[in-house]
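Participant: Before anything else, here's the structure in question.
The values are calculated or read from the model by the stated rules, or taken from the named source; none is laboratory data. Quantities reported herein were computed from a predicted structural model and do not represent experimental measurements. When we count neighbours, we look across all protein chains shown, and the Cβ atoms used for this are built from the backbone with ideal geometry, even at glycine.
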Amino acid sequence: MSSIIQTASSEIIKPYEADITVPNWMLSSMERVMQFYVDKNLRLDTQSADMMPAPVEGKKYMLYAHIPFCHTLCSFCTFHRFIFKEDKARAYFVSLRKEMDMVKALGYDFESMYIGGGTTTVLEDELARTIEHAKTLFPSIKEVSCESDPQHLDSPGFKQLEGLVDRMSIGVQSFNDDILAMTGRIEKFGSGQQTFDKIMAAKELFPIINVDLIFGFRGQTDEVIQYDLDMAAKLDPRQITTYPLMITHQTRKSVKGKLAAPQGDMARQYRQILNSLNGQYNQLSAWAFGKTNNEGFDEYVIDYDEYLGVGSGSFSFLDDTLYVNNFSLRKYQENIAAGRMGVEQQKNYSKKDVMQYRFLLGMFSGRLSRKYFRETFGVNLDTALFKEMTSMKVIGAIKNDPTDPDNLIVTDNGKMMGLLMMKEFYSGMDNVRAQLRKPLKPCDM
């Protein structure tokens, strides 16, 4: 890929040069700080719950639906999922639609819908029926985002999703066959070239295609990362997401030392990603890149303070309270059959806890705003989160916007910190999932 871009008007644009100066010891220190806060705030000291709260007038909401089935289970994935069995999956989709009916009865409407897994496309006909049902129940839905692995892209049923899904996110992880072989994906989903060809053929079905890549694998040299980025760019998708490999308590044995690169490689690899994609794409978050600035992406929590989850193992965040749906497929089905929702636990958070969470999201998204904190929490950001603001200013992660006193500019150091903080937050959520799945017995699956 050329390092110099020349426009049609012969204007020469210099390549992006990421200015990440945070030393590795500081990144390690931030990891430990984040692990402390994550362990403190994501403890399972919950109360029982059997119903979601009613919506609050004037608030906007997003609907999340979880499909917990996969044909094969990847060793580095900690999302809530089970081996696919068609009879169980079809019964599950029926229950999912019934739970949506209960949500409608509470008075909710939604602007957006995100469907995650698992593999959401294990039964395309059921998925299409579920999206149609959601759009009928919630007419304000303007965008539906969905995930898929490469296996289903060329299946005959995949075309049923055309016109229903606005944004399809495809879990590529890498186009390099050595990485795919090491992670056990090449025999499941085919070679990098086969995946490339499938995505190219499926592009015309959806307005937005997102290519998911992962960096931080052992053996993933600069040349391999550049190959992945170049292959993704050749597809010319509307979005590219570059996740860092996440190590949790659940995957530590299978990932750390076997699949994961040394921690010190992260900043160098991230610098390479910023240099390669900035200029071709706008940066939507620390790890998401898009052709435009105003379209949804995988981290829906950025655009929606409040979201409601349906399905086994889904989470909701409503009125400063985290709600957790039942992780047992059997108990989830029993709840729905009895006319009850899938929720079973809740945990309320203090105003300070929620402000720290929004600060994390602001760093990660590059949208840190004094005005948002003033209007949402009635506080002065600089004093309410004095320690957080001071530490980020000292390391050059944020600076004042000279054109707008309410806006804070998140620098490349800040993007690095935002990526690290979100990585630790997601790892903490994965640990919560692992704890919730631990008591499950074969009869629950």
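Participant: From the list Thr78, Thr72, exactly one residue is buried (at least 18 other Cβ atoms within 10 Å of the Cβ) and modelled with pLDDT under 80. Which is it?
Facilitator: Exactly one of Thr78, Thr72 is buried (at least 18 other Cβ atoms within 10 Å of the Cβ) and modelled with pLDDT under 80, namely Thr78.
Participant: Can you tell me which residue among Pro156, Pro150 is under 20 Å from the mean Cα position of the chain (by Cα), modelled with pLDDT under 95 and not aromatic (Phe, Trp, Tyr)?
Facilitator: Every option except Pro150 fails the conditions.
Participant: Let me ask another. Residue pairs, Cβ under 9 Å, 6 or more apart or interchain, first in region 430-442 and touching a residue at least 24 places away in the same chain (Cβ under 8 Å), second of a type outside the set (Asp, Glu) and loosely packed, with under 15 Cβ neighbours inside 10 Å. List them.
Facilitator: These pairs meet every condition: Asp430/His249; Asn431/His249; Val432/Arg43; Val432/Leu44; Ala434/His249; Gln435/Leu44; Gln435/His249; Leu436/Leu44.
Participant: Shifting gears a bit: Name the pairs: first residue in region 32-51 and more than 17 Å from Asp320 (Cβ to Cβ) and acidic (Asp, Glu), second residue assigned to a helix (DSSP H, G or I) and modelled with pLDDT of 80 or more, Cβ to Cβ under 9 Å, at least 6 apart or on different chains?
Facilitator: Between residues of region 32-51 that are more than 17 Å from Asp320 (Cβ to Cβ) and acidic (Asp, Glu) and residues that are assigned to a helix (DSSP H, G or I) and modelled with pLDDT of 80 or more, the close pairs are Asp39/Gly428; Asp50/Asn335.
Participant: Okay, moving on. Got a sec? Which of Ser174, Ser140 is without any contact (Cβ under 8 Å) to a residue 40 or more places away in the chain and under 24 Å from the mean Cα position of the chain (by Cα)?
Facilitator: Going through Ser174, Ser140 in turn, just one is without any contact (Cβ under 8 Å) to a residue 40 or more places away in the chain and under 24 Å from the mean Cα position of the chain (by Cα): Ser140.
Participant: Find the helices (runs of 4 or more DSSP H) located wholly in region 367-445 whose residues include 2 or more that are of a type in the set (Val, Ile, Thr) and surrounded by fewer than 16 Cβ atoms within 10 Å (Cβ to Cβ), and list them.
Facilitator: Hits in region 367-445: 386-394.
Participant: Mind counting the residues in region 200-224 that are in contact (Cβ under 8 Å) with a residue 24 or more places away in the chain, within 24 Å of Ala286 (Cα to Cα) and part of a helix (DSSP H, G or I)?
Facilitator: Qualifying residue count, region 200-224: 2.
Participant: Then there's this: Could you tell me which residue of region 28-74 is nearest to the chain's Cα centre (by Cα), considering only residues that are part of a helix (DSSP H, G or I) and among the aromatic types (Phe, Trp, Tyr)?
Facilitator: Ranking the qualifying residues of region 28-74, first place goes to Tyr37.
Participant: Also, I was wondering about something else. Of the residues in region 24-53, how many are farther than 30 Å from Gly396 by Cβ, among the hydrophobic types (A, V, I, L, M, F, W, C) and surrounded by 12 or more Cβ atoms within 10 Å (Cβ to Cβ)?
Facilitator: Going through region 24-53 one residue at a time, the tally reaches 3.
Participant: Report whether or not Asp154 is surrounded by fewer than 17 Cβ atoms within 10 Å (Cβ to Cβ) and more than 27 Å from Asp303 (Cβ to Cβ).
Facilitator: Answer is yes for this residue.
Yes or no, residue by residue, for (1) over 30 Å from Lys438 (Cβ atoms); (2) β-branched (Val, Ile, Thr); (3) touching a helix residue (DSSP H, G or I) at 6+ places or on another chain (Cβ under 7 Å):
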site: Val310; (1), (2), (3): no, yes, yes
site: Lys351; (1), (2), (3): yes, no, yes
site: Lys371; (1), (2), (3): yes, no, no
site: Glu375; (1), (2), (3): yes, no, no
site: Val379; (1), (2), (3): yes, yes, yes
site: Ala384; (1), (2), (3): yes, no, yes
site: Met389; (1), (2), (3): yes, no, yes
site: Asn400; (1), (2), (3): yes, no, no
site: Asp404; (1), (2), (3): yes, no, no
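Participant: Out of the residues in region 128-137 meeting the condition of being surrounded by 17 or more Cβ atoms within 10 Å (Cβ to Cβ) and under 23 Å from the mean Cα position of the chain (by Cα), tell me which one is nearest to Glu162 (Cα to Cα).
Facilitator: My answer is Ala128.
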